[in-house]
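Report on one structure; see the data block that follows.
The values are calculated or read from the model by the stated rules, or taken from the named source; none is laboratory data. Keep in mind the model is a prediction, meaning the values are calculated, not measured. No Cβ is skipped: glycine too gets one built from the backbone with ideal geometry, and neighbour counts run over all protein chains shown. What goes into the accessible areas is simple: the full protein's heavy atoms, side chains included, and nothing from ligands, DNA or RNA. Shrake-Rupley method; radii C 1.70, N 1.55, O 1.52, S 1.80 Å.
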Amino acid sequence: MELRPVVETDLDAFDLAFQGEEGATPYQWFGFTPTVAAREALRTRGLLAGADNMLAVTVNGELAGRTVSHL
């Protein structure tokens, strides 16, 4: 397992996975959440060094999920 900075295609994959409870699982489904703010944070600061931060989790080079920090 490795952590790396998020890229735009990761946000696309997260959007697809979290469109419904089936992809997110009942424990991660918090309703529909627009990713406009995350995309702007990615564009301006790489989703690092701010109030909401995110890293992509990969296994053998494949995207497996994300880790989020709210400071």
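Report yes if some residue within segment 19-38 is within 18 Å of Leu71 (Cα to Cα), without any contact (Cβ under 8 Å) to a residue 60 or more places away in the chain and surrounded by 13 or more Cβ atoms within 10 Å (Cβ to Cβ); otherwise report no. Yes, there is a match, as at least one residue in segment 19-38 is within 18 Å of Leu71 (Cα to Cα), without any contact (Cβ under 8 Å) to a residue 60 or more places away in the chain and surrounded by 13 or more Cβ atoms within 10 Å (Cβ to Cβ).
Close Cβ contacts (under 7 Å, 6 or more residues apart or on different chains) running from residues in segment 39-54 that are at positive phi to residues that are open to solvent by less than 60 Å² (accessible area, probe 1.4 Å) comprise Leu47/Val6; Leu47/Ala38; Leu47/Ala41; Leu47/Asn53; Leu47/Met54. Ser69 falls short on exactly one of the conditions (1) part of a helix (DSSP H, G or I); (2) open to solvent by less than 80 Å² (accessible area, probe 1.4 Å), and that condition is (1).
Counting only helices (runs of 4 or more DSSP H) that sit wholly inside segment 1-48, those with at least 1 residues that are modelled with pLDDT of 75 or more and among the aromatic types (Phe, Trp, Tyr) are 8-17.
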